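Data first, discussion second: the structure below is written as structure tokens.
The values are calculated or read from the model by the stated rules, or taken from the named source; none is laboratory data. What you see is a predicted model, and the numbers here were worked out from it, not measured in a lab. Ideal geometry is used to build each Cβ from the backbone, glycine not excepted, and the neighbour counts take in all protein chains shown. Only protein heavy atoms, including side chains, enter the accessible area calculation; ligands, DNA and RNA are left aside. Shrake-Rupley method; radii C 1.70, N 1.55, O 1.52, S 1.80 Å.
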Amino acid sequence: MGNFDEYQKLLRYKYGSHAFMILISLQFINFGLGLFTDFQWGETRETEYILLIFIPILYSLVMYIYHGAYFLKHQNGKLYSILFFIIGILLLSQGFSPYADIVSDGLVTLNAIGPVSGLIWISISLSYVVRNLVEKRKEADEED
């Protein structure tokens, strides 16, 4: 993180700690559901834990990008955004494969990791687009 300015570092620490608290909360809720009600939504407990980790990852990435703490000042965000969108579409398309059962017997399987990670990649590029649209709208409102 040496190339980030102080404000970007502050934002990354802030949203990283928020994501960590979200992760802890989700894990405790999932543990409590499994312990007290024998409720299991994943094929295995490991599948549940892995898929729950994607939620704070998604939160932190979206917040980093929206508040300008993801890309360095000299990086071209548009190019990365297009690349991330393509990667996301490729990963998301794995979910439509007839050989990948995402849900089996009412339980989410490990095959859901590909499409879920694809959604994360797509959300990175969508956050960047939304951020740019909001900035352009603010600039247009300031000019009027």
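Condition test on N76, is it more than 18 Å from the chain's Cα centre (by Cα) and modelled with pLDDT of 85 or more? Against the criterion (more than 18 Å from the chain's Cα centre (by Cα) and modelled with pLDDT of 85 or more), N76 does not qualify. A Cβ distance below 6 Å, combined with a sequence gap of six or more or placement on separate chains, defines the contacts here; from region 39-60, residues that are touching a residue at least 40 places away in the same chain (Cβ under 8 Å) reach residues that are assigned to a helix (DSSP H, G or I) and open to solvent by 70 Å² or more (accessible area, probe 1.4 Å) in the pairs T47/L110. Only a single criterion out of (1) modelled with pLDDT under 90; (2) open to solvent by 50 Å² or more (accessible area, probe 1.4 Å) is not satisfied by R137, namely (1). Looking across region 2-25, just one residue is under 16 Å from the mean Cα position of the chain (by Cα) and under 19 Å from H74 (Cα atoms), and that is R12. Quick one: how many residues across region 88-131 are open to solvent by 80 Å² or more (accessible area, probe 1.4 Å) and under 25 Å from F39 (Cβ atoms)? Within region 88-131, residues that are open to solvent by 80 Å² or more (accessible area, probe 1.4 Å) and under 25 Å from F39 (Cβ atoms) number 5.
Residues are listed down the side, and each one gets a yes or a no for (1) more than 18 Å from S125 (Cα to Cα); (2) in contact with a strand residue (DSSP E or B) (Cβ under 8 Å, 6 or more places away or on another chain); (3) not polar (S, T, N, Q):
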site	(1), (2), (3)
M21	yes, no, yes
S25	yes, no, no
T37	yes, no, no
T44	yes, no, no
Y59	no, no, yes
H67	no, no, yes
F71	no, no, yes
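Among residues that are open to solvent by 20 Å² or more (accessible area, probe 1.4 Å) and out of contact with any Phe, Trp or Tyr (no Cβ under 9 Å at 6 or more places or on another chain), Y49 is included.
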